[in-house]
Every structure is written in structure tokens, then in C-alpha cells.
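As C-alpha cells, the structure follows; a few thoughts come after it.
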Amino acid sequence: TIELDNASHSYMFVGKSGIGKRLFAREFAKKLLCSDKNCDGTCDSCIKFDAGTHTDFYELEPDGNMIKISQIRSLLEKISVKPVTSSKKVYIINDADKMNQESQNSLLKTLEEPAEYITIILIVENENIILPTIESRCIKVSFNKFKQEDIKKINPEISDELIEILDGSMSNVSTISENNL
């Protein structure tokens, strides 16, 4: 379990694509930014988060097939600014395994000496690409593939053969469900 009161400055969510890492990271970020521990998602912070307008949350996506050094430098500039509406700032780096070595080294200094108000979440499919120095500064949270019985609950029409092909990815199940395959 991840404790909100004692949140680390950096996490690495690891697992196959389509199994919920990003969804979990966003919900975790929302909870970290919320000032009311008993909130049901209706406070000002949660409403802004859901609307995509929270000033203390930033999500970085790869530019094409990689995360460029310029993107990391821009992120580091944002990190240097203190939170505006919350006591924390949360940054999610999607597909962090698409950072080249230069981008990873640029991020490393911030992970070594983090500001007290930041939490950075790296979402990774292939952790072997992440530098050991970055990995050692993150709390690793592993996400497992969905089991065959869980996939059957979502879409009972899917054949066992197709479930094998999906390889435990819920996004693949959703795509197939939407396309009625």
C-alpha cells in the first residue's frame, strides 16, 4: 500500500502496458493534492484535478517516440516553482522508459535532492531501460497483468484463445469490447 501521509518524493510504477498504472498514478496524484483526507472527490482541488486545470499537477508525455531533454528541462523549471493551491506538486512522467540517457541524467539531480513539496511518478513498462541511479531513488510499485477470470468478468464473450493473445492487458480487452471482436 502507498501511504498518503508519508508519500515519497518519487515512485516508479512498473508493469505491462494497459494494466492501469496511469489510472492509478492519476488517482494517487489527485489524493496527494487533496487537502481533505475524507474528501469524496467534490472539493475544489479534486474538481480542478478532474477538469484538468489543477495548477499543481503536471503530466509529461513523450514527444513522438521519446522524451526529449528539452521536455525534462521544462519539467525541471516547473518543479522549481512552489505549489500554488496545494501543499504538494505532483508530476507524472508517462512512458518514462522512453527517456534517453541524457534526459534521465537531467532528471537525476532532482531525484537526488528533491524539493520537499514534490512527488514524481515514473510510469514504466520496461524498467531495464531506466538508469540504476534513477531506479534506486524511486519506490518501485509493480503492477501485475489481469488474470483470465478477471478479464472474463469484464467481457464474458471473449474466448480463452483471445485472452491468451491479450496477455493480461485491460486496455486490449476494452478495445476488443468496443469493436465487438
Filter the range 48-84 for residues that are surrounded by fewer than 11 Cβ atoms within 10 Å (Cβ to Cβ) and of a type outside the set (Ser, Thr, Tyr) and give the result.
Ala51, Gly52, Gly64, Asn65, Glu77, Val84
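Looking only at the range 132-152, filter to residues that are over 19 Å from Glu27 (Cβ atoms) and at pLDDT below 95; which one of those is surrounded by the fewest Cβ atoms within 10 Å (Cβ to Cβ)?
Glu149
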When you scan the range 72-88, do you find a residue that is under 17 Å from the mean Cα position of the chain (by Cα), modelled with pLDDT of 95 or more and of a type outside the set (A, V, I, L, M, F, W, C), even just one?
no
Give me the residue from the range 1-47 that is open to solvent by 40 Å² or more (accessible area, probe 1.4 Å) and not in a loop (DSSP other than H, G, I, E, B) and, out of that set, farthest from Asn144 (Cα to Cα).
Asp44
Which condition number in (1) in contact with a helix residue (DSSP H, G or I) (Cβ under 7 Å, 6 or more places away or on another chain); (2) in contact (Cβ under 8 Å) with a residue 60 or more places away in the chain; (3) of a type outside the set (Asp, Glu); (4) under 13 Å from Ile93 (Cβ atoms) is the one that Gly15 fails?
(4)
How do the helices (runs of 4 or more DSSP H) wholly within the range 93-160 filter down when requiring 1 or more residues that are touching a Ser or Thr at 6+ places or on another chain (Cβ under 6 Å): which remain?
101-112
Quick one: in the range 113-131, which of the residues that are within 17 Å of Ile93 (Cα to Cα) and open to solvent by 40 Å² or more (accessible area, probe 1.4 Å) is modelled with the lowest pLDDT?
Pro114
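Those residues that are over 17 Å from the mean Cα position of the chain (by Cα) and open to solvent by 30 Å² or more (accessible area, probe 1.4 Å), I need them from the range 89-105; list them, please.
Within the range 89-105, Asn100, Gln101, Glu102, Asn105 qualify.
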So for the range 44-52 (the condition being closer than 15 Å to Lys88 by Cα and of a type in the set (Gly, Ala, Ser)), does at least one residue qualify?
yes
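The values are calculated or read from the model by the stated rules, or taken from the named source; none is laboratory data. In this text, all values refer to a predicted model and were calculated from it rather than measured experimentally. When we count neighbours, we look across all protein chains shown, and the Cβ atoms used for this are built from the backbone with ideal geometry, even at glycine. To get the accessible areas, we keep the full protein, side chains included, count just its heavy atoms, and leave off ligands, DNA and RNA. Shrake-Rupley method; radii C 1.70, N 1.55, O 1.52, S 1.80 Å.
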